[in-house]
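Data first, discussion second: the structure below is written as structure tokens.
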Amino acid sequence: MPSNKFQIKLFTLSTCSHCARTKRFFKEHGIDTETIDVDLLTGEERERIMNEVRKLNPDCSFPTICIDDTVIVGFNEDKLKKALGMK
């Protein structure tokens, strides 16, 4: 399983159904991620993370998923599996 093979960062919202599905996908496949619920952040930390999201995804939509150098916006199981080298 590719749990430690990739550096994975999820930018999500705590209330977003597509974000919840994305989190569940990684959990079901036993893949470790760094997950940031952007809406739960405040102040400078929130602004710093939003600037990071903006660089990856100018629309600032969620989820924004980084798998190494690959950015996937929105939950798309086929794209996630391809980026992770899964069948």
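Observations, loosely collected:
- Helix 17-28 and the longest principal axis of the Cα set of the chain meet at an angle near 40°.
- Value of relative contact order over the chain, rounded to a whole percent, pairs C-alpha under 8 Å and six or more apart: 35
- With the simple spin-label model, which puts each label point 7 Å out from Cα in the Cβ direction, the GLN7 to LYS82 separation comes to 2.4 nm.
- When the solvent-accessible area of the chain is split by element, carbon and sulfur atoms take up 46 percent of it, the probe being 1.4 Å.
- Cα long-axis angle, helix 43-56 against the chain (0 to 90 degrees, to the nearest 10): 50
- Dipole orientation for the chain: of the candidates THR15, CYS66, GLY85, GLY85 has the Cα lying most toward the positive pole (charges on Cβ; Lys, Arg +1; Asp, Glu -1).
- Rounded to 5, percent antiparallel among DSSP beta bridges of the chain: 65
- A value for Rg/Rh (Cα atoms, Kirkwood Rh) was derived from the coordinates, and within the list (1) 1.02; (2) 1.28; (3) 0.95 it appears as (3).
- Under a 5 Å amide H cut-off, with hydrogens placed 1.01 Å from N, THR35 pairs with LEU10 among residues at least 5 apart or on other chains.
The values are calculated or read from the model by the stated rules, or taken from the named source; none is laboratory data. Small disclaimer: the values here were computed from a predicted structure and weren't measured. As a convention, Cβ positions derive from the backbone with ideal geometry for all residues, glycine included, and neighbour counts pool all protein chains shown. These accessible areas exclude ligands, DNA and RNA; they are computed on the full protein's heavy atoms, side chains included. Shrake-Rupley method; radii C 1.70, N 1.55, O 1.52, S 1.80 Å.
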